[in-house]
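Structure first, then comments.
The values are calculated or read from the model by the stated rules, or taken from the named source; none is laboratory data. This is a predicted model, so every value here is computed, not measured. Backbone-built Cβ (ideal geometry, glycine too); neighbour counts: all protein chains shown.
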Amino acid sequence: MSNVIVAPSILSSDFANLETEIKRLENSAADWVHVDVMDGHFVPNLTIGAPVVKALNKVCSIPLDVHLMIENPEKYIKDFALAGSDIITFHYEATKEKTLEVINLIKSYVDIKVGLSIKPKTSVKEIEEFIPLVDLILIMTVEPGFGGQKFMQDCADKIKEVKAISKDVIVEVDGGINNITAKYCRDLGVDAMVAGNYVFSSDNMKEAIASLR
Ligand code: DX5
Ligand code: ZN
């Protein structure tokens, strides 16, 4: 068993019973809780915002890994920081020339880790200069927007490219992770994995999470 971090995405959880779902994750040895924030603009779907993160923070004892799939993330960093996020990851495609500014804004909250994410069509080359400046790189292995999509293997190959640039940065993958695709990512040296559908549709959450490691 590896010590890869498993971050189940509550996008596939029962939204009417979030506290119960968080407890189930904690009791199943999840490392982080992944929170998918979507704005209906950057991605064609709407999910949850900072007030929900604040509520989750009250009942959650493991880190909240907040994935912002939103335009103009700089407008909302403060809200998500004060809500109790432990990691805030935003998308390079949403910031481009203001990427450094947003990294520094998140860094101004000293206890919060900063993550930068890329969609499937964005190359590692495009974000190379930012890799040494962040704590985490989130490689999307599906087009962001929805849970339960098929894993894109060629995107996972970016794990090696990022690792070649920095040994220190946490490399996380997101999208289509199950016991088989997880092994593919582990073999490439991934540090953390998000899994929504696979974890929440299983009959035994603890076993499902363990199978990813
Ligand atoms: C996709 C989200 C993912 C998603 C993963 O836009 O960022 O976190 O919930 O879901 P699965 O594991 O079902 O592909
Ligand atoms: Zn995500």
Collect the residues in the stretch 64-123 that are of a type in the set (D, E, K, R), under 22 Å from Leu11 (Cβ atoms) and in a loop (DSSP other than H, G, I, E, B), keeping them in residue-number order. Glu71, Asp86, Lys119, Lys121
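Have a look at Ala55, Ala30, Ala83, Ala16 and point out the one that is more than 16 Å from ligand 2 (Cβ to nearest atom) and touching a helix residue (DSSP H, G or I) at 6+ places or on another chain (Cβ under 7 Å).
Exactly one residue qualifies, and that residue is Ala83.
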Pairs under 6 Å by beta carbon, first residue surrounded by 15 or more Cβ atoms within 10 Å (Cβ to Cβ) in the stretch 149-160, partner hydrophobic (A, V, I, L, M, F, W, C) and part of a helix (DSSP H, G or I), six or more apart or different chains? Ala156/Cys185; Lys158/Val124
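When you scan the stretch 106-119, how many residues do you find that are surrounded by 16 or more Cβ atoms within 10 Å (Cβ to Cβ) and either farther than 20 Å from Ile48 by Cα or out of contact with any Gly (no Cβ under 9 Å at 6 or more places or on another chain) (or both)?
The first filter runs over the stretch 106-119 and keeps only residues surrounded by 16 or more Cβ atoms within 10 Å (Cβ to Cβ), leaving 106, 109, 112-119.
Applying the additional criterion that residues be either farther than 20 Å from Ile48 by Cα or out of contact with any Gly (no Cβ under 9 Å at 6 or more places or on another chain) (or both) yields 109, 112-119.
Final tally of qualifying residues: 9.
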Could you list all residues from the stretch 139-161 that are more than 16 Å from ligand 1 (Cβ to nearest atom) and touching a helix residue (DSSP H, G or I) at 6+ places or on another chain (Cβ under 8 Å)? Ile159, Glu161
Restricting attention to the stretch 162-174, the residues that are in contact with a helix residue (DSSP H, G or I) (Cβ under 7 Å, 6 or more places away or on another chain) and either away from ligand 2 (no atom under 15 Å from the Cβ) or assigned to a loop (DSSP other than H, G, I, E, B) (or both) number exactly 4
Can you tell me which of Ala30, Ala7 is in contact with a Pro (Cβ under 6 Å, 6 or more places away or on another chain) and either modelled with pLDDT under 95 or within 28 Å of Glu207 (Cα to Cα) (or both)? Ala30
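Can you pull out every residue in the stretch 161-195 that is touching a Pro at 6+ places or on another chain (Cβ under 7 Å) and crowded, with 19+ Cβ neighbours inside 10 Å?
Ala195
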Restricted to the stretch 103-133 and to residues being more than 16 Å from ligand 2 (Cβ to nearest atom) and touching a strand residue (DSSP E or B) at 6+ places or on another chain (Cβ under 7 Å), the residue nearest to Asp65 (Cα to Cα) is Ile112
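Please find, within the stretch 19-46, the residue that is nearest to ligand 1 (Cβ to nearest atom) out of those that are buried (at least 18 other Cβ atoms within 10 Å of the Cβ) and in a loop (DSSP other than H, G, I, E, B).
Across the stretch 19-46, the extreme among qualifying residues is Val43.
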Working carefully through the options Ile177, Ile137, Ile159, Ile127, find the one that is in a strand (DSSP E or B) and closer than 24 Å to Ala94 by Cβ. Ile137
Thr99 being farther than 22 Å from Ala29 by Cα and either touching a Lys or Arg at 6+ places or on another chain (Cβ under 9 Å) or surrounded by fewer than 19 Cβ atoms within 10 Å (Cβ to Cβ) (or both): no
